[in-house]
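What follows is a short report on a single structure.
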Amino acid sequence: MTDRELNFARSILGERPFRDVPDEEVLREAERLLTDWMSGEARLERPKLYDHYALLLVALVRRTRELEARVAALEERA
């Protein structure tokens, strides 16, 4: 465990704008960070964590829309 508190979004984005980071990477890294945080292996900047949930939520919303479109296309073929 590190004593340094990690910035949730900065840990995922680095120096890139959020639109340049693929949703798959956001989801993978968010899961890793949140798992480490919940297990006590990492410390996150808690006051800022709430603001940075937006990054994860945007990726989840886009993924959900993509999956819904794929399901609809499969249902049309059936």
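The values are calculated or read from the model by the stated rules, or taken from the named source; none is laboratory data. Since the structure is predicted, the reported quantities are computational estimates derived from the model, not experimental observations. Methodologically, a virtual Cβ is constructed for each residue, glycine included, from the backbone with ideal geometry; neighbour enumeration extends over all protein chains shown. For accessibility, only protein heavy atoms count, side chains too; no ligands or nucleic acids. Shrake-Rupley method; radii C 1.70, N 1.55, O 1.52, S 1.80 Å.
Tabulated values for the structure
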| read-out | value |
| --- | --- |
| Members of the range 55-78 found to be out of contact with any helix residue (DSSP H, G or I) (no Cβ under 7 Å at 6 or more places or on another chain) and either charged (D, E, K, R) or in contact (Cβ under 8 Å) with a residue 40 or more places away in the chain (or both), listed by number | Val58, Arg65, Glu66, Glu68, Arg70, Glu75, Glu76, Arg77 |
| Looking only at the range 45-77, and only at residues there that are small (Gly, Ala, Ser) and under 15 Å from Ser11 (Cβ atoms), the one that is least open to solvent (accessible area, probe 1.4 Å) | Ala59 |
| Residue selected from the range 1-44 under the condition open to solvent by 50 Å² or more (accessible area, probe 1.4 Å) and in contact with a strand residue (DSSP E or B) (Cβ under 9 Å, 6 or more places away or on another chain), by the criterion nearest to Leu57 (Cα to Cα) | Trp37 |
| Residue count for the range 27-44, restricted to those that are out of contact with any Leu (no Cβ under 8 Å at 6 or more places or on another chain), basic (Lys, Arg) and over 17 Å from Leu13 (Cβ atoms) | 0 |
| Residue tally, condition among the hydrophobic types (A, V, I, L, M, F, W, C), modelled with pLDDT under 90 and either closer than 13 Å to Leu6 by Cβ or in contact with a Pro (Cβ under 7 Å, 6 or more places away or on another chain) (or both), over the range 38-71 | 2 |
